[in-house]
Amino acid sequence: LAAGVTQGAVLNAAIDRGINLRAYGDGSIGVSLDETVLPTDLQELVDAFAAPSRAGAGAVAGGRAPTPSIESLAHDPSSLRSNIPPSLRRTTPFLRQEVFARFHIEHELLRYIRHLESKDLSLVHSMITLGSCTMKLNATSEMIPVTWPEFGRIHPFAPSDQWTGYAELFKQLESWLCEITGFAAVSLQPNAGSQGEYAGLMVIRAFHRHRGTSHRNVCLIPESAHGTNPASAVVAGMKVVPVRIDDDGMIDVADMRRKAETHAADLACCMITYPSTAGVFEETVREVCEIVHRHGGLVYMDGANMNAQVGLTRPADIGADVCHLNLHKTFCIPHGGGGPGMGPIGVSAELADFLPGHPVVNPDSAGRRAIGPISAAPYGSASILPISWMYISLMGAAGLRRASELAILNANYMAKRLERHYSIHYTNHNGRCAHEFILDCRAFEKSADIRIDDIAKRLMDYGFHAPTMSWPIPGTLMVEPTESESKEELDRFCDALISIREEIRAIEQGKADRADNPLKHAPHTAQAVSADAWNHKYSREQAAYPAPWTRVRKFWPAVGRVDNPFGDRNLVCACEPMSAYR
């Protein structure tokens with residue numbers, strides 16, 4: 001900055017022009033530009049830096065000192081110096097791939113995008129029953145606020161007086177999530193469920209460190225817990241000790257007690273999932289929490305399956321000390337394809353002091369002894385929080401409870417329809433599941449040479465995405481219908497699985513060939529079934545139209561059967577040749 005010009009003066013001049021700049025502690029100023037910046041924006045920026053100097057210079061030739069123009073700076077060699085060393089400067093052209101130069105009118109670009117979209121099966125085609133993923137309705141009314149620039153175009157480090165509406169949204173959402181979970185405080189900072197797990201475990205470690213028991217680093221994890229739990233515990237610096245489950249998928253309480261007693265001196269916490277990943281409500285969950293507390297540990301509850309308990313029970317009520325909430329599951333933020341996610345954590349009163357802070361903009365939820373930031377932004381992916389705010393606002397307490405009830409009802413209805421055709425792996429003593437259930441398909445490999453991926457790929461011919469495959473148990477399908485689907489859609493999916501079971505039975509009875517059957521060659525593309533040659537022992541009609549609805553609502557897979565093991569072991573570069581980049 002010029003002599004006599006303060007950081008504050010430049011920042012204020014920029015704000016007067018609608019520009020936020022980054023203030024550093026050493027008095028310097030940071031400027032960040034993207035591809036949307038126009039020459040007029042650059043001129044405003046130059047004016048902001050020049051304004052304090054002009055104000056101090058006084059009148060010159062009947063007015064103030066002139067502000068440099070962008071045009072003059074563009075032709076001034078001294079202003080074109082770069083602090084990027086020559087060895088790091090790009091010298092080759094960019095965006096040379098054909099796709100970046102192929103489309104010159106909007107029609108063609110839209111058709112190309114639509115062509116890509118047509119290859120992807122989504123909720124606009126049929127229900128997606130991915131277990132432990134909660135692929136529920138993302139209502140249009142909930143999504144609209146995301147498009148508003150007031151939410152989407154503000155920087156996370158902007159001055160707080162520029163986002164008072166956001167502050168009110170944060171406050172209300174935190175309050176609602178506290179009520180839903182029974183906890184004393186909530187941090188919205190974690191960006192995903194995995195980050196929520198890590199944040200919660202780091203809060204637990206900070207709690208033990210503050211109490212002078214930092215040696216407590218053992219984390220008990222039942223085999224029925226969510227699959228990411230062991231990884232999160234290791235990343236948080238803990239030692240994982242597994243706890244067995246019984247034949248019904250429940251935590252083995254005797255083994256939990258034994259492990260807690262063995263590691264009592266070093267026990268930091270236990271991580272449980274409720275309902276469990278086995279798709280059942282742990283009937284001894286309170287006893288498990290009491291065992292952990294009795295031996296000096298805390299209880300982390302994974303919120304992956306909260307869609308089965310909102311409004312019915314609360315993590316704090318069962319004895320948990322901290323849990324994360326997948327807003328991209330239970331609270332309607334769309335997910336898939338890598339994000340975005342939100343995994344805020346709720347904590348008990350004794351852990352509230354350790355909720356994460358941030359060195360630039362400290363969130364109101366940060367505790368007095370806050371751990372460091374878990375995400376780059378103080379409130380995580382704040383621009384998608386209006387979706388969950390809208391969902392809770394629209395549903396209300398009664399609606400949220402009803403959603404949980406319907407999610408459980410739908411899962412049990414489907415399990416009941418399918419139990420005569422498939423083995424349901426885990427149920428409680430009443431023969432019921434929670435909001436999801438596991439179909440055991442392992443016997444088919446011996447009886448018909450049909451593997452789980454054959455069933456998953458055949459579902460594509462029926463117009464469905466496969467359920468979660470081979471997790472948490474190899475050779476199984478985990479089905480979660482959510483509350484969003486109609487009975488007609490539930491029946492359609494059940495009918496597809498029942499029809500596939502009949503196709504397997506035909507193989508078992510010798511009516512269909514063990515090697516050449518619709519499952520072994522699924523999915524069937526439009527090109528394959530319309531080709532001149534058809535060399536299979538089953539008809540084209542059975543391949544492409546195995547159910548009545550496929551004649552009206554047919555989704556054509558873009559790719560036929562591939563050899564998965566071969567592809568996993570023999571990677572082939574799908575990039576264009578290097579000559580295409582010249």
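The values are calculated or read from the model by the stated rules, or taken from the named source; none is laboratory data. Given the structure is predicted, the values throughout are model-derived calculations rather than measurements. No Cβ is skipped: glycine too gets one built from the backbone with ideal geometry, and neighbour counts run over all protein chains shown.
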Set 278, 268, 254: member being aliphatic (A, V, I, L, M) and either more than 29 Å from the chain's Cα centre (by Cα) or surrounded by fewer than 24 Cβ atoms within 10 Å (Cβ to Cβ) (or both):
254
On the given criteria, is residue 500 under 26 Å from residue 407 (Cα atoms) and of a type in the set (A, V, I, L, M)?
yes
Here are some residues: 375, 388, 365, 381. Which one is among the hydroxyl-bearing types (Ser, Thr, Tyr), crowded, with 19+ Cβ neighbours inside 10 Å and either free of Cβ contacts under 8 Å to residues at least 12 places away in the same chain or touching a strand residue (DSSP E or B) at 6+ places or on another chain (Cβ under 6 Å) (or both)?
365
If I ask for residues that are polar (S, T, N, Q) and buried (at least 24 other Cβ atoms within 10 Å of the Cβ), which ones from the stretch 315-353 would you list?
326, 330
List pairs: first residue in the stretch 298-317 and under 25 Å from residue 208 (Cβ atoms), second residue among the basic types (Lys, Arg) anywhere in the structure, Cβ distance under 8 angstrom, at least six positions apart or on different chains.
304/329
Just to be sure, is residue 547 modelled with pLDDT of 95 or more and not acidic (Asp, Glu)?
yes
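Residues checked against (1) among the hydroxyl-bearing types (Ser, Thr, Tyr); (2) at pLDDT below 95; (3) more than 21 Å from the chain's Cα centre (by Cα); (4) not assigned by TED's automatic domain parsing to the domain that holds residue 427:
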residue	(1), (2), (3), (4)
246	no, yes, yes, yes
272	no, no, no, yes
282	no, yes, yes, yes
298	no, no, yes, yes
306	no, no, no, yes
Within the stretch 147-182, can you find the residues that are aromatic (Phe, Trp, Tyr) and either closer than 24 Å to residue 214 by Cα or out of contact with any helix residue (DSSP H, G or I) (no Cβ under 6 Å at 6 or more places or on another chain) (or both)?
148, 157, 163, 166, 170
Check the stretch 183-193 and report whether any residue there is under 19 Å from residue 381 (Cβ atoms), in a helix (DSSP H, G or I) and in the same structural domain as residue 228 (by TED's automatic domain parsing).
yes
So is residue 538 out of contact with any Leu (no Cβ under 7 Å at 6 or more places or on another chain), at pLDDT 95 or above and of a type in the set (Phe, Trp, Tyr) or not?
yes
Considering 153, 102, 96, 114, which residue is of a type in the set (D, E, K, R) and closer than 30 Å to residue 483 by Cα?
114
Out of 466, 522, report the one residue that is in contact with an Asp or Glu (Cβ under 6 Å, 6 or more places away or on another chain), within 23 Å of residue 417 (Cβ to Cβ) and among the small types (Gly, Ala, Ser).
522
From 405, 436, residue being at negative phi, surrounded by fewer than 22 Cβ atoms within 10 Å (Cβ to Cβ) and of a type in the set (D, E, K, R)
405
Residue set 507, 473; condition crowded, with 16+ Cβ neighbours inside 10 Å and either modelled with pLDDT of 95 or more or in a helix (DSSP H, G or I) (or both); output residue 507
Looking at the structure I just gave you, is residue 340 touching a Ser or Thr at 6+ places or on another chain (Cβ under 8 Å) and within 19 Å of residue 389 (Cα to Cα)?
yes
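One line per residue, one yes/no per condition, for (1) among the small types (Gly, Ala, Ser); (2) over 30 Å from residue 415 (Cα atoms); (3) in contact with a Lys or Arg (Cβ under 8 Å, 6 or more places away or on another chain); (4) not assigned by TED's automatic domain parsing to the domain that holds residue 377:
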site: 108; (1), (2), (3), (4): no, yes, yes, yes
site: 118; (1), (2), (3), (4): yes, yes, no, yes
site: 121; (1), (2), (3), (4): no, no, no, yes
site: 126; (1), (2), (3), (4): yes, no, yes, yes
site: 130; (1), (2), (3), (4): no, no, no, yes
site: 134; (1), (2), (3), (4): no, no, yes, yes
site: 138; (1), (2), (3), (4): no, no, no, yes
site: 144; (1), (2), (3), (4): no, yes, no, yes
site: 147; (1), (2), (3), (4): no, yes, no, yes
Checked 535, 517 against criteria (among the polar types (S, T, N, Q), buried (at least 16 other Cβ atoms within 10 Å of the Cβ) and without any contact (Cβ under 8 Å) to a residue 24 or more places away in the chain); the one match is 517
Across the stretch 406-426, which residue is farthest from the chain's Cα centre (by Cα) among those that are without any contact (Cβ under 8 Å) to a residue 24 or more places away in the chain and part of a loop (DSSP other than H, G, I, E, B)?
420
Which listed residue is in a helix (DSSP H, G or I) and in the same structural domain as residue 350 (by TED's automatic domain parsing), from 204, 180, 221
204
Would you tally the residues in the stretch 138-164 being without any contact (Cβ under 8 Å) to a residue 24 or more places away in the chain, crowded, with 16+ Cβ neighbours inside 10 Å and under 18 Å from residue 331 (Cα atoms)?
0
